[in-house]
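Notes to accompany the following structure.
Computed from the coordinates by the stated procedures, all read-outs in this text should not be read as laboratory data. Note that the coordinates shown come from a computational prediction; the quantities given were computed from them, not determined experimentally. Cβ atoms come from the backbone with ideal geometry, glycine included; neighbour counts cover every protein chain shown.
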Amino acid sequence: MPVLLSFVRQTPGRLMETKKTTFDSRLLPYLLLAPQLFITLVFFIWPAAQAVKSSFEREDPFGLSTAFVGLLHYQRLFEDPNYIDALLRTAVFAVSVTALSMVLGLAFAAAVDRLVRTGRVYTTLLVWPYAVAPVVAGVLWWFLFNSTTGLMPFFLEKVGIHWDHDLNGTQAMILIIIAAAWKQVSYNFLFFLAGLQSVPQSLMEAAAIDGSGPVKRFFTISLPLLSPTTFFLFIINVNYTMFDTFPIVDATTVGGPAQATTTLVYKVYQDGYLGLNLGSSSAQSVLLMMIVMVLTFVQFRYVERRVQY
Amino acid sequence: MVENRPFLTFLTHAFLILGFAVVALPVYVAIIASTHDIATLMSGPVPLLPGSHLIENYSMILTSASAANGLPNYSHMALNSLIMAVAITVGKISISILSAFAIVYFRFPFRQLAFWIIFVTLMLPVEVRIMPTYKIVADLGMLNSWAGLTIPLIASATATFLFRQFFMTVPDEMLEAARVDGAGPMKFFRDILLPLSRTNIGALCVILFIYGWVQYLWPLLVTTDPGYYTLMMGMKRMVTVQDGVIQWQLVMAGSVLAMLPPILIVIFMQRLFIRGLTETEK
């Protein structure tokens, strides 16, 4: 889902406009909206409300009765070192993937932007990883780093690094960071390229006449002008890393070794779907919803700012 | 380019070629590994040149291999993936374009409420409401069904907003002319808006097809019947072997086949793809 967030870079206020002239019909607009609203209410809002409700409740072991327990589940979560670890780990994961994929995406975009004729060829060569499913991306990198068959451990051994992501938690984390970033570079590349191509050529020429070289121009003109794109991509990438990387973890490390790659979303799945701990899983869901809301709010807030300038 | 700097241009090319080599490495290795037998793969790092088992591996995966893991036939799973991707694409586009039409071309009580309900879907990805959504689908008896696999995924604020944005750019004169000619709202929608939206629908098709094709968590939750497994579920099953070795040559052949359709779509429909991805306010 977060990939598609890019469509909505506009203010909620403007989204509310209608045409000046409209059709008159009492029933028709409701009929047109009915399928979308029905699905949203039944499969989005109702479950979300249920999550909020059961995060305040405890079910007895037989599921016969529930009791209101207030903030108990939340309190337990924040006292649970496993949860705090997962929170910090997710932050490290999100920031690493975001930084890695944005820096590479920007570098590729800056390079392609310099080329006049061959730029399109390189664009084609660099965009396709977007279409690779996260689960496939995970499996490909997992294979590349596999301790018996993989190429990487073979080369790493030669420089004195013993690689085994089945035992070493840090290495497992590096593995999922690489796999998640690999898939996202093409997305960042396309947005940075679009941003760079809209930098006015006259600015570049003026700076060149004043004697600044390509590198200086990049850092003093292009990069500052790209800051709206950069900020937008930062939010999108954090969102992607937090919520869309579940398949990478599930198909490769399964959260291990020793919880080293258990992200917040993976923990909700483990505790709720596999562990059937409804209360705790619901409380975790609610906390995640709050994170998405903050991200969405920041994104829209920033767009409103940008419109004013 | 502002000035001619041959050396920098050379460096740019070198950097991009190197970049492409790194980006393509895992896929190259997957293709190579899918042409070897398991003995070669297990005896050390994967070779860098193709082996002689290409036809054997691919025909095995397409006919019988997956059955060993209790999986349906690979082509059966590919068909499931296709059905799911197409159903999600068609479903999302249909309900979004209708909602956008209602929001832009009508004024009615509770319009604002309807708008916010749609908007809220942005903040509630499946990943944050795993258990309760599973429960409602189970209560409705939709586990292990095409309806359960696709319908909960087709609500889309983003597609609705994209159409809304586009409808706002359609000149008001079109609507006035249609009204003068006595066309009702649905006739206007079908004969004017729909044809005008062709490019947007095309761009969305590309993006949403990929979105549907790569779905993983949702099918994992709602299907236990192997008859509904998609390729992405099959991937997970093939690498989760309890005892014995992972049949890497088949896993890699399976990966290559699973990523081929969306990659081809992105490469051959690049213009629509980029438009769909980066379309913003105009």
Top of B:S96, B:S197, B:S34 by mean-square fluctuation, Gaussian network on chain B, Cα under 10 Å: B:S197
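Any idea what the dipole of chain B comes to, in debye rounded to 20, about its Cα centre with Lys/Arg Cβ at +1 and Asp/Glu Cβ at -1? All intermediate terms of the calculation are to be shown ahead of the outcome.
Details: 16 positive and 14 negative charges, 105 e Å.
It works out to roughly 500 debye.
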What distance in nm separates the two pseudo spin-label positions at B:D181 and A:L156, each 7 Å out from Cα along the beta-carbon direction? 6.6 nm
Checked against the positive end of the charge dipole of the stretch B:74-278 (+1 on Cβ of Lys and Arg, -1 on Cβ of Asp and Glu, about the Cα centre), the farthest of B:I263, B:L277, B:I136 is B:L277
Based solely on C-alpha atoms, express the radius of gyration and the Dmax of the stretch A:100-139 in angstrom. 12.1, 36
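So if R0 is 30 Å, what FRET efficiency would B:I17 and A:D164 give, r being the distance between their Cβ atoms, rounded to the nearest 0.05? Could the numbers behind the result be given before it?
Details: r = 32 Å, r/R0 = 1.07.
Once the sixth-power term is evaluated, E becomes 0.40.
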Taking a label point 7 Å from the Cα of B:L62 along Cα-to-Cβ, the residues of the stretch B:234-278 whose backbone nitrogen sits under 20 Å from it are B:234-235, B:248-265
GNM on chain A, C-alpha springs below 10 Å: top fluctuator among A:S55, A:S281, A:S65? A:S65
Cα-only Debye scattering, chain A: base-10 log of I(q)/I(0) at q = 0.08, 0.09 Å⁻¹: -0.50, -0.63
Placing +1 on the Cβ of each Lys and Arg and -1 on the Cβ of each Asp and Glu in the protein assembly as shown, which of A:Q75, A:V136, B:L194 has its Cα farthest towards the positive end of the resulting dipole? B:L194
For A:Y266, B:Y28, A:Y83, what's the fewest-to-most ordering of other Cβ within 10 Å of each Cβ? B:Y28, A:Y83, A:Y266
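With n ≥ 4 as the cut-off for DSSP H runs, can you work out [θ] at 222 nm for the protein assembly as shown, using -39500 (n - 2.57) per run divided by the number of residues, rounded to the nearest 500? Let's see the in-between values first.
Working: 30 runs with 384 residues, N = 591.
Computed ellipticity for the protein assembly as shown at 222 nm equals -20500 deg cm²/dmol.
Once fully extended, how much extra length lies between A:Q197 and A:K216, figured as 0.36 nm per residue of separation less the alpha-carbon to alpha-carbon distance?
Details: separation 19, 0.36 × 19 = 6.84 nm, distance 1.73 nm.
Extra length from A:Q197 to A:K216 when fully extended: 5.1 nm.
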Loop-located trypsin sites (Lys or Arg not before Pro) in the stretch A:20-64, at most 16 other Cβ atoms within 10 Å (DSSP): A:K20, A:R26
So the label point goes 7 Å from the Cα of B:L82 along Cα→C-beta, right? Which residues of the stretch B:240-277 then have their backbone N under 19 Å from it? B:254-269
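Order of A:D85, A:D250 from fewest to most other C-beta atoms within 10 Å? Show your work: numbers first, answer last.
Values: A:D85 14, A:D250 22.
The fewest-first ordering by Cβ neighbours comes to A:D85, A:D250.
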Please compute, over every Cα-Cα pair in the protein assembly as shown, the percentage with a separation greater than 42 angstrom. 25 percent
Within 10 Å of the Cβ of an average residue in B:156-168, the count of other chain Cβ atoms is 5
Within 10 Å of each Cβ in peptide B:206-218, how many partner chain Cβ atoms are there on average? Round it to a whole number, please. 4
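Expressed as a fraction of 2.2 N^0.38 Å, the rule-of-thumb size for a compact globular protein of N residues, what is the C-alpha radius of gyration of the stretch B:103-232?
Scaled against compact globular proteins, the figure is 1.33.
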Dipole magnitude of the stretch A:81-308, debye to nearest 20 (Cβ charges: Lys/Arg +1, Asp/Glu -1, about Cα centre): 600 debye
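Using the Cα atoms of chain B to build a convex hull, what is its mean projected area in square nanometres?
Numbers: hull surface 88.1 nm².
Mean projected area of the Cα convex hull: 22.0 nm².
Taking R0 as 35 Å, what's the FRET efficiency between B:I267 and B:A147 from their Cβ-Cβ distance, rounded to 0.05? Can you show the working numbers first?
Numbers: r = 33 Å, r/R0 = 0.94.
E(calc), rounded to 0.05, equals 0.60.
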Would you list B:S43, A:S25, A:S282 from fewest to most Cβ contacts within 10 Å? B:S43, A:S25, A:S282
Dipole of chain A, positive end: most advanced residue of A:V92, A:G169, A:I39 [Cβ charges, Cα centre]: A:I39
Between the stretch A:49-93 and the stretch A:212-242, the Cα center-to-center distance that results, in Å: 38 Å
Taking amide H positions as placed 1.01 Å from N in the peptide plane, with prolines and chain starts having none, which residues 5 or more places from A:E57, or on another chain, fall under 5 Å of its amide H? A:V69
Residue by residue through the stretch B:41-53, which ³J(HN,Hα) values in whole Hz follow from phi under the Karplus form 6.51 cos²θ - 1.76 cosθ + 1.60 (θ = phi - 60°), with glycine and proline marked x? 5, 6, 8, x, x, 4, x, 9, 10, x, x, 10, 9
Surface/4 estimate of mean projected area, convex hull on alpha-carbon atoms of the stretch A:84-220, nm²: 11.4 nm²
Theoretical gain in end-to-end length, A:Y273 to A:W46 [0.36 nm per residue, Cα-Cα removed]: 79.9 nm
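For a quick check of your reading of the filter: which trypsin sites (Lys or Arg not before Pro) in the stretch A:99-160 sit in a DSSP loop and have no more than 13 other Cβ atoms within 10 Å? Spell out each step's value before the answer.
Working: sites: A:R114, A:R117, A:R120, A:K158; in loops: A:R117.
Listed in order of number, the matching sites are A:R117.
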Quick check for me: using +1 on Lys/Arg Cβ and -1 on Asp/Glu Cβ, what's the dipole size of the protein assembly as shown about its Cα centre, in debye to the nearest 20? 1500 debye
Highest-MSF residue in chain A out of A:A131, A:A67, A:A48 [GNM, Cα springs under 10 Å]: A:A67
